[in-house]
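The values are calculated or read from the model by the stated rules, or taken from the named source; none is laboratory data. Because the structure is predicted, anything quoted here is derived from the model rather than measured. In this analysis, Cβ positions are derived from the backbone assuming ideal geometry, glycine residues included, and neighbour counts consider all displayed protein chains. What goes into the accessible areas is simple: the full protein's heavy atoms, side chains included, and nothing from ligands, DNA or RNA. Shrake-Rupley method; radii C 1.70, N 1.55, O 1.52, S 1.80 Å.
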Amino acid sequence: MRDSIVFLDKVSKIYPSATGEVYAVRDVTIAVQPGEFFSLLGSSGSGKTTTLRLIGGFEIPEYGEVYIGGETVTTLPPYRRNVHTVFQNYALFPHLTVAQNIAYPLTIAKVPQKIPKSEIADRVQEALRMVRITELSDRKPSQLSGGQQQRVALARALINRPKVLLLDEPLSALDAKIREEVRQELRQLQQQIDLTFIYVTHDQEEALALSDRIAVMSNGRVEQIGTPQEIYSRPASPFVAQFIGKANFLTGQVIESNTEFTWVNVNNTNVKAIAPTQKPAIGETVILMIRPEHLKPLDSSTEHSIYDNQTAGKLKSITYIGQLLELHFDTPIGQLKATQLGNSKTNSEQAIGWNAEDCIVVPNGN
Ligand code: ADP
Ligand code: MG
């Protein structure tokens, strides 16, 4: 853990409040590896910014330790840490040009020794090239688009050659189309220069698209850390399962469980599932999750027996989501939604099939 580039060891941050105290961050342990694109994902107020500020040195935790590059930095000020923070609003100086804004971190007094002018100019050029805004170097921030301002903020962050870049919702001020463009560039840049990114977002799609790993946060705690794939297909708690992507949930009692499969009684239908993390006890009430893309509406010609599970269904309504249809069924085990390409008719009777490996017993999260 201590060989991680950033390691938070059971960190808590407490603020006083009218009713006593609030844990903005509670008992958070995160180990980020060099070169990772690591995201903190959670809804507003879940503790993402506070976590980032604890890493950046803008807050000092009440409990726990912060390590950067294996060194304890828990109480060190921001400029003594080899990280750089890109703030949500970019914080560019309006009266300075793009080049002057980017050079700024090299010109302030906290830099250990004075850097020669020619080297500053070279490094500004290098940073401008990295984010591909060389032609904008003489403009003022007010003469730039949101996406361009974002690149200036990024270039300024890179000028000190930090080990870790901390980014707090850096794309939230951009409109949807540019956001997608800039996010791809951000990912490419991060891979090119082999820098570690710790990236705060409330946008699950953004986190899934960009990250090597994600920490899902809720109420100041980390609910799960994993790759986008792990978090999507093996959620560690009901919270994560409903927070990430769309899902169907079924509740039932465990009839039988072996090392491979678990059978669950859902409203008198026997559902075959898997329990990836922990074998549940017989009689235990469990929550099953099935992603909509894993529920297959079966037409009469389909070979029903290829699916481990099936139920009768009545197609109640259809929603168009891009190219896909989302089909809403009433079934004896509850309402289910399935996604598919192509057409379907509402109020038709249709069986639905799904496989055990796509039907996950969700850990209760405690
Ligand atoms: P996020 O970035 O996920 O939206 P924050 O880390 O900003 O969440 O905040 C987490 C919680 O801590 C919230 O309930 C917020 O109101 C509280 N909080 C954050 N900063 C302060 C502060 N300086 N004083 C008091 N409470 C704070
Ligand atoms: Mg925030």
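Ignoring ligands, DNA and RNA, how do 294, 202, 84, 95 rank by accessible area with a 1.4 Å probe, largest first? Please report the intermediate quantities before stating the final value.
Numbers: 294 60, 202 100, 84 40, 95 125 Å².
Listed by decreasing accessible area, they come as 95, 202, 294, 84.
Gain in length, residue 340 to residue 253, computed as 0.36 nm per residue apart minus the alpha-carbon separation, to one decimal in nm?
Residue separation times 0.36 nm, minus the Cα-Cα distance, leaves 28.4 nm.
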**OP:** Working from Cα positions, state the angle (0 to 90°, nearest 10) between the long axis of helix 146-158 and the longest principal axis of the chain.
**Re:** 70 degrees
Original post:
Using the reciprocal of the averaged 1/r over all distinct C-alpha pairs, how large is the Kirkwood radius of segment 234-289 in Å?
Top reply: 11.6 Å
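Based on alpha-carbon atoms only, what is the radius of gyration of segment 95-160 relative to the globular estimate 2.2 N^0.38 Å? List each step's numbers first, then the result.
Values: Rg = 11.3 Å, N = 66, 2.2 N^0.38 = 10.8 Å.
Working it through for segment 95-160, the quotient is 1.04.
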Original post:
Between segment 192-238 and segment 1-56, what is the C-alpha centre distance in whole Å?
Top reply: 13 Å
Original post:
Angle between the Cα long axis of helix 176-193 and the longest principal axis of the chain, 0 to 90 degrees, nearest 10?
Top reply: 70 degrees
Subject >> Using alpha-carbon coordinates, inclination of helix 117-130 to the longest axis of the chain, degrees >> reply: 20 degrees
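Taking all protein chains as present, what is the carbon and sulfur share of the accessible area of the chain, in % to the nearest whole number, probe 1.4 Å? Provide the component values of the computation, followed by the final result.
Details: 8580 of 18020 Å².
It is 48 percent, rounded to a whole number.
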**OP:** Tell me which residues come under 5 Å, amide H to amide H, from residue 252 once H is placed; ignore anything under 5 positions away on its chain.
**Re:** 286, 288
**OP:** Averaged over every viewing direction, what's the projected area of the C-alpha convex hull for the chain? Give it in nm², one decimal, please.
**Re:** 23.1 nm²
Original post:
Separation of segment 123-161 and segment 277-333 by C-alpha centroid, Å?
Top reply: 49 Å
Original post:
Could you work out the helix-only [θ] at 222 nm for the chain, with each DSSP H run of four or more residues adding -39,500 (n - 2.57) and the total divided by the number of residues, to the nearest 500 deg cm²/dmol?
Top reply: -6500 deg cm²/dmol
Subject >> Area accessible to solvent at residue 3, 1.4 Å probe radius, in Å² >> reply: 120 Å²
Subject >> Sequence of 263, 354 when ordered by accessible area, the most exposed leading, probe 1.4 angstrom >> reply: 263, 354
Original post:
How big is the accessible area of residue 104 in square angstrom, nearest 10, if you roll a 1.4 angstrom probe over the protein chains?
Top reply: 80 Å²
Original post:
If you line up the Cα atoms of segment 104-244 on their principal axes, what length do they span on each, largest first, in Å?
Top reply: 56, 35, 26
Original post:
Which value does Rg/Rh take for segment 278-366 over its C-alpha atoms, Rh per Kirkwood?
Top reply: 1.01
Original post:
Hey, got a sec? Which trypsin sites (Lys or Arg not before Pro) in segment 69-147 land in a DSSP loop and have at most 11 other Cβ atoms within 10 Å?
Top reply: 110, 114
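Write down the percent of antiparallel bridges among all DSSP beta bridges whose residues are both part of the chain, to the nearest 5.
Values: 60 of 79 bridges.
Taking every DSSP beta bridge with both residues in the chain, the antiparallel ones total about 75 percent.
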Subject >> When each of 177/316; 272/314; 13/246; 117/163 is checked by Cα-Cα distance, pairs over 25 Å >> reply: 177/316; 13/246
